[in-house]
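Since the structure comes first, as structure tokens, the remarks are kept for the end.
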């Protein structure tokens, strides 16, 4: 555990030594918490990462000519994963993790089942977009908050394992969805996804629990914890998350359509999201462990920066099957590292005593980036004929790299310019 600098020893910033007030066990029941969180994230992100398959099918076969409206649904959905952010601590204190997860189970399952009966685009918007996204918010915050609390020295590995559920979920659900669509139709694919979500989230509801009480992790107990912005490191981290998310999901949503535009084998477009999800899952475990070994702040900057470089150096030059696979693998790895490492540094910035409101505010930034990032990229791509996917790659690369510079600033704030484990 690194020694905190003097600027962190203020009322607003709890030092890492103070984290030990809750004494994370670094094992034991904590591994059940990780498993439950894995299942929760598998469920909500498994569906989200497979949205591209539904998007392509809807655009070609069901709601033909409505691409501009359909492209908003995935962005609306994933952005609403974080809608509870500003009042996260209030919801936790009123409901607790158990009933938050039960609520998410009901809403997410209902969203997919209702979507299977949709007849118009606005039905899909309300079900697969708004209802599922809102329900997933009740799943996301317990599943990302709990592993942070139960681990200290192994926090990177624990969070990485929990968050690998999203990548593995994307791999599994994408293939299941495509297979069911091909054999039974998209309506049954939605129903089967709904059943999977119900079963897995029910198990997560039984397993995921916080380490301490809501008072122990709830900071100053304010409705919206504005006092956290008095901590310079928290403010930098807030901006880092805000900017990076405007570009992060763009490749996941648009790479399949890029492959189709290039005239590649349809198998490529179908499996790109699945392969990226698989690499993403492996990356979250590897980079989480790497963060424990060489420093979480160091690793966060490195992975975020390299994800942006991949967009500008590789995706912008994709013209054949080989380069699109290279980009999918490398971006899946570094992008997964960014997602896994972002939560691991949060307790080191604010302390476990403030973790619930901090998680809420930090992930609320994702709402704006995930909602508007991909539609902006789509607009840039389609402003000319034929579409220029290079413009989408530039948008994603620039936003992620700019976000990485704030991750670098955060690392310097933590330990200065010397290369040390931090």
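Results, tabulated for the structure shown:
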{"read-out": "Fully extended contour minus Cα-Cα distance, from residue 229 to residue 87, at 0.36 nm per residue", "value": "49.6 nm"}
{"read-out": "Contour excess over end-to-end distance, with Cα ends at residue 390 and residue 317 and 0.36 nm allotted per residue", "value": "25.5 nm"}
{"read-out": "Ranked packing of 127-138, 189-200, 80-91, most packed first, by mean Cβ within 10 Å", "value": "127-138, 80-91, 189-200"}
{"read-out": "Principal-axis tilt of helix 132-150 within the chain, Cα atoms, nearest 10 degrees", "value": "30 degrees"}
{"read-out": "Nearest-ten-degree value, helix 186-207 long axis tilted from longest Cα axis of the chain", "value": "10 degrees"}
{"read-out": "Acute angle (nearest 10 degrees) that the helix 266-294 long axis makes with the longest principal axis of the chain, alpha-carbon atoms", "value": "10 degrees"}
{"read-out": "Residue order, fewest to most surrounding Cβ atoms within 10 angstrom, among 23, 374", "value": "23, 374"}
{"read-out": "Within the chain, helix-based [θ] at 222 nm, where runs of 4 or more DSSP H residues each add -39,500 (n - 2.57), nearest 500", "value": "-24500 deg cm²/dmol"}
{"read-out": "Residue exposure sequence - 372, 334 - by fewest surrounding Cβ within 10 Å", "value": "372, 334"}
{"read-out": "Proxy reagent accessibility, fewest Cβ within 10 Å first, across 26, 320", "value": "320, 26"}
{"read-out": "Relative contact order, percent, the chain [alpha-carbon distance under 8 Å, six or more residues apart]", "value": "27 percent"}
{"read-out": "Residues residue 203 and residue 68, FRET efficiency given R0 of 41 Å [Cβ-Cβ distance, rounded to 0.05]", "value": "0.60"}
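Each value in this text was obtained by applying a stated rule to the coordinates, not by laboratory testing. Computed from a predicted structure; not experimentally measured. Here the Cβ is made from the backbone with ideal geometry for all residues, glycine too, and neighbour counts use every protein chain on show.
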